[in-house]
Every structure is written in structure tokens, then in C-alpha cells.
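Data block below; observations after.
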Amino acid sequence: MHPEIDRYAHIDSPIHRWDPGLKIVGFGVFVVAVALLSKPASAFVGLAFSFLLLSASKIPVPFVLGRLKFLLLALAPFFLLLPVTVVSQPEWSVTWEWSREWLALLLTLRALAIGVAVFPMLGTAPFHLSMKALQDLGFPKTIVQAVLFSYRYLFVYLDQLRRMRVAARSRGFRPGLNRRSFRVFGYQVGMLLVTSYEQTERILKAMKSRGYDGTIRTLHASRRAPADWFKLGAVLATALLLTLGDRLWIG
Amino acid sequence: MDRMTALSFGSVSYHYPDGTRGLGNCDLCVQTAERLALLGPNGAGKTTLLLLADGLLEPDEGSIEAFGVPLGEDGAVLRARQRMGIVFQNADDQVFCPTVFEDVIFGPLNHDLSPEEAHERAHEALKQVGLEGYENRVPQHLSGGEKRKVALATVLAMQPDLILFDEPTTGLDPRGRIELLDLLEESEQTLLIATHDFELALRVCTRVALMDKGRVVATGPPKEILMDRARLETHGLVQPPWLPYLAGVEPNTP
């Protein structure tokens, strides 16, 4: 099973019923506000709010945590690296500052809060509708198309890479941390790039033959109800309160 | 060109950017309501011919006319594409939307049909290929045969007068292949089918064009072309031993 972000796009929740365009605006502002927080305590509040939105979206928490474990793995080294200070003059010395662990914690909390918020933002509508909403918000068509088709074909290419690895193993290849293995990985990635480029050309031809002119057209018609604006107001107010709290009160 | 011509190629040449010749001085005429098979070895230029016909490649020399209009004229390609569709060899290239229904309705929406009409056409096309109830399925989770049917539905939904097929039976299991042959046989549109499938050419098509080295070297009724074993071998094809029995004629030897 592929790790599609929109696997739960067809269930029903207040977040699912929110107009995709306003949802992206609301969550976008919230994500920026969280990224600018300067104190671990306020980042923790931001994370709590992200989980609240996730809960409202009814997307299963284990599904989200399963995807975020890679983010946590990537952030773990910060707890070891950030407290270390290396001084080269007048002589080499290495010191450990416990206070910098707070910085690592702040980075981790902010990243987690954003990572969790992405799921109710993009996982509560079919991905192409979210991209259509981005297009309607004025994002450049080229970027929207690049994201849309990267997402659609990411899994095709992952499958292809998996098949190439199986084929290599079937011929006795055992991957390891050596020069030959890296060369084989290089060949596989290179072949993937070539075939994906060629497939991209074929996909574009297939789209053009069906009248595609660069604009995404879907059956979904945007009908914004008062409830959509109310949800936007609530999320924006939370982002504002979080920012003010970070600057004025918290910590 | 008479009024009954759906597609015509006049001395068309095309070279790929790396210099490889795709077509060289190629002539071909497809009449409306006929089902023409393009038969030839790999590299004969069959796919290139289809891409040129749909305006997806531009010829170096020669002229291509679709429904009496030269494709070189302003806006002619876009108008021609409203009357013709192409089903690609690899369904993964053609089926790219998140759901089957979104994919089938992609073409009608691009041609600015009303949502109601586009909806109706998409449902009708899915019904034609026997995929009713597949509307919300994720294309990447379908079998190869099902994806091929979706790809066909995406083109049928545009209700084209001419459908171009690139190797439609490649990779299908026997059942999927027979179902597709039945669909093609029942089709009322003009069909141009690039294929290696002798049975398809014999059973479905009204005429066969034999291609080799970027040119059409012979055209004629399927039996006449497919039973000429010597000519097939001259142009890099091997007649399957069972084909004469299928065609109801005595096998001959070259």
C-alpha cells in the first residue's frame, strides 16, 4: 500500500467539509505562524492545536504518526549537534551547552506541529482538488502542475525502483556500503531519471491529445458557505493568538 | 481528397531529434468508418504515424489532413483533436487522475462541455467498456486490463469520429484481449490500429497497411496482406502457423 497523504480524503468531518481554498489559506497562515514561534512552550501549544485539528479531521492518529516517524528521525541529530560548540582559537575546544537543547526542542516541536497540520490541510480533500484550490488562489500553474504530477507519479517511480532492486537481487546483487553497491545505486537512479523523463513526455502527449491546455478542470465547484469563513476566522484567530502569546506572554 | 476521407498522409517524413528516421515519404489514406490495421515490425514507424496524425509531432516534410483540414493550419490541430482520440500503448501514461471518473471526464471538461453533458458522457463511456461501478476506484490499483479499458473510456467519452490505437492488446491476458477485440468489433467509429496482433487485424479490421522502415509498403484486405507469407517475411514479420486456419484458407509455403 502506498503512503498517499489523501487516503482519508473521502471520510466526513468538519475539516473535510471546509472549502479547500479557504482551508489552504487558514492552514497556510497557521503553519507560517508556527514556523516563526520562538519559545518551546508556545511551539508546544501550536503542536497541541495541530493535534486538535487532526482530531477534528478524524484522520487516524497512527496513520499520521507512521508518516511522521521519518521526520522525527531526521530531527533527532539536532539534540546531539546543537548543544555542541567548537572553538578553534586561541586553541581547539569543544563545549556542551545544555541550554541549546531548548533550541533543538523548539525546532522539533515546530516541525512536528507543522507536520501534523499538513494532514488535515492536504489529507481531507482529494489531492487534485487541493491543487485546483491552489491554482484558483493564484499559484503559478506550472508549479501546481509540477506538484500534482510529481505526487501522482511518485508511487509509479517508487514501484519501478523496487522492481529494479528485485531484479538486481535476483541476479545475485547484495547491497552493501562499498563502491560497487554505490555504482549500482547510481545506475538505478540514473535509469529512473531517464525513464521518468521519457514517461513525462508521453503523459504530456496523452494529456494534450485530450484537449489539455495547462488549466486543471474538475467537476468540483467552489461554493463557500458562512461556515467555511467561520472556520477560516477561527484558525486565523488561533494563529494570531499564538503569535501574540509567543511575543508577549508565554515563557 | 474526397469527402469520405478521415485522415490522409501525403509524402510525410519525420526524423526524431537524435536523427533517427521515424517516417520517410509515407503515404496513407484512412476512409471514414473503416478499421485500418497498421502492421509492421518494431521501428517500422507505426507509433510515429499515430503521433503525427494527432498533431503531437510535426512532420519535417509532407502534409497531413484530418477530416479534410491540413493540420498545419492555425488551430487545425485543436479542432482535429475534438474529432479524434488516441489510446496509448501504456495505460499508465494515459490514466493519471486520482479516480477513474476524474480521468474519464478529463477530456470532455477540457473541451468545455457543460458539467452535466461531461458527466453523462463519462458514465456512458464507462458503461461501454463494462466498467460501471468503477467511478471512484484509484486507477493505479487496477489490473492492466482494467487500466486499458479506462484508457479506452477516456477517449470514448470525447465521442471522437476517429480513434487511434497504439498496440491495444499488448500485455493483456487472454480474457482481457478477447473483451477488447469484441469492443473494437462493435465500434462504430473509424479506427486506425497500430498492432503486432495478426488475429486482431484479421478479425476486427477491414483493411491492413503493411509498414516497414518508415513507409507504407502495401495495403489491402486483411486476408490478402496476412496470407502473403513471403511478403510478410520480406518486411520483417513472421506469419503465425495458425493464422491460415483462422482465416479459413489452406496454408502455403514460401
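The values are calculated or read from the model by the stated rules, or taken from the named source; none is laboratory data. On a predicted model such as this, the values are computed, not experimentally measured, just so you know. Here the Cβ positions follow ideal geometry from the backbone for every residue, glycine too, while neighbour counts run over all protein chains shown.
Do the conditions hold for B:Asp27, that is, is it over 15 Å from the mean Cα position of the chain (by Cα), assigned to a strand (DSSP E or B) and surrounded by fewer than 17 Cβ atoms within 10 Å (Cβ to Cβ)?
Details: over 15 Å from the mean Cα position of the chain (by Cα): yes; assigned to a strand (DSSP E or B): yes; surrounded by fewer than 17 Cβ atoms within 10 Å (Cβ to Cβ): yes.
Against the criterion (over 15 Å from the mean Cα position of the chain (by Cα), assigned to a strand (DSSP E or B) and surrounded by fewer than 17 Cβ atoms within 10 Å (Cβ to Cβ)), B:Asp27 qualifies.
Would you mind stating whether B:Ala201 is surrounded by 22 or more Cβ atoms within 10 Å (Cβ to Cβ) and not assigned by TED's automatic domain parsing to the domain that holds B:Arg79? Give the derivation first.
Numbers: surrounded by 22 or more Cβ atoms within 10 Å (Cβ to Cβ): yes; not assigned by TED's automatic domain parsing to the domain that holds B:Arg79: no.
When the stated conditions are applied, B:Ala201 does not pass them.
What are the pairs with Cβ atoms under 9 angstrom where one residue, in the range A:202-214, is more than 7 Å from chain B (Cβ to nearest Cβ) and more than 15 Å from B:Met84 (Cβ to Cβ) and the other, located anywhere, is surrounded by fewer than 19 Cβ atoms within 10 Å (Cβ to Cβ) and β-branched (Val, Ile, Thr)? Sequence gap at least six, or different chains.
Partner pairs satisfying both residue conditions: A:Gly214/A:Thr142.
Which condition from (1) surrounded by fewer than 16 Cβ atoms within 10 Å (Cβ to Cβ); (2) part of a helix (DSSP H, G or I) is the one that B:Glu102 breaks?
It fails just one condition, (1).
On the given criteria, is A:Leu219 surrounded by fewer than 16 Cβ atoms within 10 Å (Cβ to Cβ), of a type in the set (A, V, I, L, M) and assigned to a helix (DSSP H, G or I)? Talk me through it step by step, then tell me what you get.
Working: surrounded by fewer than 16 Cβ atoms within 10 Å (Cβ to Cβ): yes; of a type in the set (A, V, I, L, M): yes; assigned to a helix (DSSP H, G or I): no.
When the stated conditions are applied, A:Leu219 does not pass them.
How many residues does the range B:108-165 contain that are part of a loop (DSSP other than H, G, I, E, B) and either modelled with pLDDT of 90 or more or within 30 Å of B:Leu39 (Cα to Cα) (or both)?
First pass over the range B:108-165, keeping only residues part of a loop (DSSP other than H, G, I, E, B): B:111-114, B:129-138, B:142-143, B:157-161.
Still in the running and either modelled with pLDDT of 90 or more or within 30 Å of B:Leu39 (Cα to Cα) (or both): B:129-135, B:142-143, B:157-161.
Looking only at that region, the number is 14.
Check whether at least one residue in the range A:163-183 is out of contact with any Gly (no Cβ under 8 Å at 6 or more places or on another chain), within 14 Å of chain B (Cβ to nearest Cβ), part of a helix (DSSP H, G or I) and at negative phi, and report yes or no. Let's see the steps before the verdict.
Narrowing the range A:163-183 to residues out of contact with any Gly (no Cβ under 8 Å at 6 or more places or on another chain): A:163-183.
If we keep only those that are within 14 Å of chain B (Cβ to nearest Cβ) too, we end up with A:163.
Filter again for part of a helix (DSSP H, G or I), leaving A:163.
In the following step, the residues that additionally are at negative phi were identified as A:163.
The answer is yes; a qualifying residue exists.
Out of A:Ala117, A:Ala133, A:Ala146, A:Ala104, report the one residue that is surrounded by fewer than 19 Cβ atoms within 10 Å (Cβ to Cβ) and aliphatic (A, V, I, L, M).
Working: A:Ala117 fails: surrounded by fewer than 19 Cβ atoms within 10 Å (Cβ to Cβ); A:Ala133 fails: surrounded by fewer than 19 Cβ atoms within 10 Å (Cβ to Cβ); A:Ala104 fails: surrounded by fewer than 19 Cβ atoms within 10 Å (Cβ to Cβ).
Of A:Ala117, A:Ala133, A:Ala146, A:Ala104, the one residue that is surrounded by fewer than 19 Cβ atoms within 10 Å (Cβ to Cβ) and aliphatic (A, V, I, L, M) is A:Ala146.
Yes/no per residue for (1) at pLDDT 85 or above; (2) under 30 Å from A:Ala41 (Cα atoms):
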| site | (1), (2) |
| --- | --- |
| A:Ser88 | no, no |
| A:Thr124 | yes, yes |
| A:Arg179 | yes, no |
| A:Gln188 | yes, no |
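What pairs come up if the first residue lies in the range B:75-97 and is at the interface with another protein chain (Cβ under 7 Å from one of its Cβ atoms), the second is among the basic types (Lys, Arg), and their beta carbons are under 6 Å apart, counting only those six or more places apart or on different chains?
B:Asp93/A:Arg202; B:Phe96/A:Arg152
Scanning the range B:177-195 for residues that are in a strand (DSSP E or B) and of a type in the set (S, T, N, Q), which turns out farthest from B:Leu36 (Cα to Cα)? Quick ask: steps written out before the conclusion?
Here is the first cut: in the range B:177-195, the residues in a strand (DSSP E or B) are B:190-195.
Within this subset, residues satisfying the condition of being of a type in the set (S, T, N, Q) are B:190, B:195.
Numbers: B:Thr190: 8, B:Thr195: 10 Å.
Filtering first and then ranking leaves B:Thr195.
Could you please find all residues in the range B:225-245 being part of a helix (DSSP H, G or I), within 20 Å of B:Thr206 (Cα to Cα) and touching a residue at least 12 places away in the same chain (Cβ under 8 Å)? Quick ask: steps written out before the conclusion?
Here is the first cut: in the range B:225-245, the ones part of a helix (DSSP H, G or I) are B:225-226, B:229-234, B:243-245.
Now restrict to residues that are within 20 Å of B:Thr206 (Cα to Cα): B:225-226, B:229, B:231-232, B:243-245.
Matches in the range B:225-245: B:Ile225, B:Leu226, B:Arg229, B:Arg231, B:Leu232, B:Leu243, B:Pro244.
List the number of the failed condition for A:Ala237; all other conditions in (1) within 14 Å of another protein chain (Cβ to nearest Cβ); (2) out of contact with any Phe, Trp or Tyr (no Cβ under 8 Å at 6 or more places or on another chain) hold.
Only one criterion is unmet by A:Ala237, namely (1).
Which ones in the range B:33-61 are in contact with a helix residue (DSSP H, G or I) (Cβ under 9 Å, 6 or more places away or on another chain), farther than 21 Å from B:Asp161 by Cβ and not in a loop (DSSP other than H, G, I, E, B)?
Matches in the range B:33-61: B:Leu39 only.
Answer with yes or no whether A:Ala117 is in contact with a Phe, Trp or Tyr (Cβ under 8 Å, 6 or more places away or on another chain), under 30 Å from A:Leu219 (Cβ atoms), more than 14 Å from chain B (Cβ to nearest Cβ) and in a helix (DSSP H, G or I). First the steps, then the outcome.
On the way: in contact with a Phe, Trp or Tyr (Cβ under 8 Å, 6 or more places away or on another chain): yes; under 30 Å from A:Leu219 (Cβ atoms): yes; more than 14 Å from chain B (Cβ to nearest Cβ): yes; in a helix (DSSP H, G or I): yes.
Yes.
Of all the residues that make up the range A:7-17, how many are within 20 Å of the chain's Cα centre (by Cα) and not hydroxyl-bearing (Ser, Thr, Tyr)? Don't jump to the end; show me each part of the working.
Initially, the range A:7-17 is screened for residues within 20 Å of the chain's Cα centre (by Cα), giving A:7-10, A:15-16.
Checking which are not hydroxyl-bearing (Ser, Thr, Tyr) leaves us with A:7, A:9-10, A:15-16.
So the answer is 5.
For the range B:10-24, name all the residues that are surrounded by 15 or more Cβ atoms within 10 Å (Cβ to Cβ) and out of contact with any Phe, Trp or Tyr (no Cβ under 9 Å at 6 or more places or on another chain).
Taking the range B:10-24 as the starting set, the residues that turn out to be surrounded by 15 or more Cβ atoms within 10 Å (Cβ to Cβ) are B:10, B:12-15, B:21-24.
Across the range B:10-24, the qualifying residues are B:Gly10, B:Val12, B:Ser13, B:Tyr14, B:His15.
Please go through the range B:15-29 and pick out each residue that is touching a residue at least 60 places away in the same chain (Cβ under 8 Å) and either outside the structural domain of B:Phe67 (by TED's automatic domain parsing) or not polar (S, T, N, Q) (or both). Steps first, please.
First, pick out the residues of the range B:15-29 that are touching a residue at least 60 places away in the same chain (Cβ under 8 Å): B:21-28.
Those that are touching a residue at least 60 places away in the same chain (Cβ under 8 Å) and either outside the structural domain of B:Phe67 (by TED's automatic domain parsing) or not polar (S, T, N, Q) (or both): B:Arg21, B:Gly22, B:Leu23, B:Gly24, B:Cys26, B:Asp27, B:Leu28.
Cβ-Cβ below 9 Å, separation at least six or inter-chain, first residue in the range B:100-124 and more than 8 Å from every other protein chain (Cβ to nearest Cβ) and closer than 21 Å to A:Phe149 by Cα, second of a type in the set (Ser, Thr, Tyr) and part of a helix (DSSP H, G or I): which pairs?
Filtered contacts from the range B:100-124: B:Asp103/B:Thr154; B:Val104/B:Thr154.
How many of the residues making up the range A:36-61 are outside any helix (DSSP H, G or I), of a type outside the set (A, V, I, L, M, F, W, C) and under 13 Å from A:Gly123 (Cβ atoms)? Quick ask: steps written out before the conclusion?
First pass over the range A:36-61, keeping only residues outside any helix (DSSP H, G or I): A:36-39, A:58-60.
Keeping just the survivors that are of a type outside the set (A, V, I, L, M, F, W, C) gives A:38-39, A:58, A:60.
Restricting the remaining residues to those that are under 13 Å from A:Gly123 (Cβ atoms) gives A:58, A:60.
The qualifying residues number 2.
Kindly evaluate B:Leu172 against the criterion of being in the same structural domain as B:Leu39 (by TED's automatic domain parsing) and free of Cβ contacts under 8 Å to residues at least 60 places away in the same chain. Reasoning before the result, please.
Numbers: in the same structural domain as B:Leu39 (by TED's automatic domain parsing): yes; free of Cβ contacts under 8 Å to residues at least 60 places away in the same chain: yes.
So B:Leu172 fits the description; yes.
Being within 14 Å of chain B (Cβ to nearest Cβ), outside any helix (DSSP H, G or I) and closer than 30 Å to A:Val156 by Cα is the requirement here; does A:Ile11 meet it? Let's see the steps before the verdict.
On the way: within 14 Å of chain B (Cβ to nearest Cβ): yes; outside any helix (DSSP H, G or I): yes; closer than 30 Å to A:Val156 by Cα: yes.
Yes, satisfied.
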